[in-house]
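Asks: Take a look at the following structure, please.
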Amino acid sequence: MPTSRIREKWRFLTVSSRWDRSTVPIYEASSPGGYVPLLKTLLESPCRNDCAYCALRAGMRCPREAWEPEEIARITLRLWEDGKIRGLFLSSCVRKDPESTVEKQLEALRTLREMGYTGYIHLRLMPGISRHHVREAVELADRLGVNLEAPTGDIFSEMCPSKGDFREVVLKRLEWIVDEVRRAADLRVISTFGFGRAGVDTQMVVGAVHDNDEQYIRMVDRLYRGLGLRRIYFSGFEPIDGTPLEDNPPCPPYREYRLYQVSFLIRDYGFKYEELKGILDDGGFLPNVDPKVALARLEADRFPINLNSADYYEIVRVPGIGPVTARKIIDARKNLKIERLSDLEKILGPTLSRRVAPYIDLKDKRLTYFSKRFQRGST
Ligand code: SF4
């Protein structure tokens, strides 16, 4: 379900044919090159499960719809050929059981590929499905995942009581997807689409029940560094009337944001759970500051660093410096000794240079002010 924070990324399109009219949801998914319009839909919205936070849980009074596999394939192909979408994001509720749901999803994707569709497919699979279904899904889709929903088995049981064992039906399926994607890569299949080429992802709901950030960070570390997932999404909990959690408070937006920041530190910067643990408070929560700044305060003896000799991992730990900027510095220092703020400004420009200066070993007297700010712990 879209949260209010991303609702503005949706729009609706009416598709008409000689016989019928359908309104389809188009989602502007962010990508490194900008926004990509996807037809994002559930294959079916009746659900037998009773996840405690969900608007579509069994027993909720709401409109329920279902696409026929051939119908979703035909509409996707048409929108794609007309240039209205660049891909399909297909998920589903579980109407009868996970196997019959995934069979319908696969029928839709198979039909779509047989019609000549070579566009992007993002497939959200059901917990508890068979290995052979995972294998076929990997062949058909570009990106795949199973939603973990929770960072631990106990929280999962509380939130999704009818979905089964966390380790067995969810984590194991995620591992199977990763295995099948790696197997396809090893086989070096020649195809311009499918075979999980865009990686594996998952999503967790944050703050629905009693939890803390430490639990998410531990799982993120396991998923990014252990399984090599491409992306982990966090969805801040919002209470929905009529659900068992309707009286629970919503997740503060900053919590979701800080978890994303930490997850990127693990995925893109090489930070590990063990060192990130140091910035958590006694309750296991992140402070509401840039986690890289919090880490720099904790490891103040690492700074200031000498940019002329520091390695990539030392440079990328400086708050304000990301992987691209770190590489830019390493390239630039081949021809430039970085001794003063003005040297740094030649590489990073004035604004970023002043931001990172407190963490850099520079001879420049003008830095006294910045250094004092750093020592005081200002963000
Ligand atoms: S499986 Fe759970 S989260 Fe998914 S639609 Fe059904 S009740 Fe909602």
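Asks: For the range 237-277, treating each Cα as an identical point scatterer without solvent, what Debye log10 I(q)/I(0) comes out at q = 0.23, 0.27, 0.34 1/Å?
Replies: Taken in order of the listed q values, log10 I(q)/I(0) reads -0.73, -0.85, -1.06.
Asks: Of the chain, which part is the longest with no GluC sites (Glu not before Pro) in a loop (DSSP not H, G, I, E, B) and with at most 13 other C-beta atoms within 10 angstrom?
Replies: Numbers: sites that count: Glu65, Glu246, Glu299.
That would be 66-245.
Asks: Tell me which residues come under 5 Å, amide H to amide H, from Ala150 once H is placed; ignore anything under 5 positions away on its chain.
Replies: Placed amide hydrogens put Val205 under 5 Å from Ala150.
Asks: Below 8 Å between Cα atoms, with a sequence gap of 6+, how large is the relative contact order for the chain in percent?
Replies: Values: 625 pairs, mean separation 39.4, N = 379.
Relative contact order here is 10 percent.
Asks: Next question, about the same structure. Pairs Lys334/Lys363; Lys337/Lys363; Lys9/Lys328: which are spaced more than 22 Å apart, C-alpha to C-alpha? If you can, show how the numbers build up before the last one.
Replies: On the way: Lys334/Lys363 19 Å; Lys337/Lys363 12 Å; Lys9/Lys328 33 Å.
Long pairs (Cα-Cα over 22 Å): Lys9/Lys328.
Asks: Okay, moving on. Based solely on its DSSP helices, what 222 nm [θ] is calculated for the chain when runs of n ≥ 4 H residues each add -39,500 (n - 2.57) and the sum is averaged over all residues, nearest 500 deg cm²/dmol?
Replies: -11000 deg cm²/dmol
Asks: What percentage of all Cα-Cα pairs in the range 78-202 are separated by more than 24 Å? All intermediate terms of the calculation are to be shown ahead of the outcome.
Replies: Numbers: 2162 of 7750 pairs.
When all Cα pairs of the range 78-202 are counted, 28 percent exceed 24 Å.
Asks: Determine, at each q value in 0.12, 0.17 (inverse angstroms), the log₁₀ of I(q)/I(0) that the Debye formula gives when each Cα of the range 228-363 is one equal point scatterer.
Replies: Each listed q maps to, in turn, -0.58, -0.96.
Asks: Right, another one. Ratio to report: Rg/Rh of the range 115-165, with Cα atoms as the point set and Rh obtained by the Kirkwood method; give two decimals.
Replies: On the way: Rg = 14.0 Å, Rh = 12.7 Å.
Result: Rg/Rh = 1.10.
Asks: Based on DSSP, what percent of beta bridges with both residues in the chain are antiparallel, to the nearest 5? If you can, show how the numbers build up before the last one.
Replies: Details: 14 of 37 bridges.
If we restrict to bridges inside the chain, about 40 percent are antiparallel.
Asks: While we're here: Semi-axes of the equivalent ellipsoid for the range 291-376, please: Cα gyration tensor eigenvalues, times 5, square-rooted, ordered largest first, whole Å.
Replies: On the way: eigenvalues 67, 47, 24 Å².
With the √(5λ) rule applied to the range 291-376, the semi-axes are 18, 15, 11 Å.
Asks: Then there's this: As a test of the definition: which semi-axes, in Å, follow for the range 213-303 when you take the square root of five times each eigenvalue of its alpha carbon gyration tensor? Largest first, please. Present the calculation step by step, with values, prior to reporting the outcome.
Replies: Values: eigenvalues 138, 55, 21 Å².
Semi-axis lengths for the range 213-303 are 26, 17, 10 Å.
Asks: D for the chain, whole µm²/s, Stokes-Einstein with Kirkwood Rh over alpha-carbon pairs at 20 °C and 1.002 mPa s: what number?
Replies: Values: Rh = 23.1 Å.
The diffusion coefficient I find is 93 µm²/s.
Asks: Given the options Ser191, Ser353, Ser91, state which has the largest fluctuation in a GNM of the chain using a 10 Å cut-off (strictly under) for Cα springs.
Replies: Looking only at Ser191, Ser353, Ser91, the biggest GNM fluctuation is shown by Ser191.
Asks: Using modelled backbone amide H atoms (1.01 Å from N, in-plane), which distant-in-sequence or interchain residues come within less than 5 Å of Gly236's amide H?
Replies: Residues meeting the amide H criterion: Val206.
Asks: Something else: Hand me the trypsin sites (Lys or Arg not before Pro) from the range 175-217 located in a DSSP loop with no more than 10 other Cβ atoms within 10 Å, in residue order please.
Replies: Details: sites: Arg182, Arg183, Arg188, Arg197; in loops: Arg188, Arg197.
Loop-located and lightly packed - Arg188.
Asks: Across the range 277-289, in residue order, what do the Karplus-derived ³J(HN,Hα) couplings come to in whole Hz, using 6.51 cos²θ - 1.76 cosθ + 1.60 with θ = phi - 60° and x for Gly and Pro?
Replies: 3, x, 8, 6, 7, 4, x, x, 9, 6, x, 7, 9
Asks: How large is the translational diffusion coefficient of the range 200-260 in µm² per second when you combine the Kirkwood radius over alpha carbon pairs with Stokes-Einstein at 4 °C and 1.567 mPa s?
Replies: On the way: Rh = 12.4 Å.
Answer from the Stokes-Einstein relation: 105 µm²/s.
We did not get these values from a lab; they are worked out from the coordinates using the rules stated. Just so you know, these numbers come straight off a predicted model, no measurement behind them. Cβ sites come from the backbone with ideal geometry, for glycine too, and all protein chains shown count toward neighbours.
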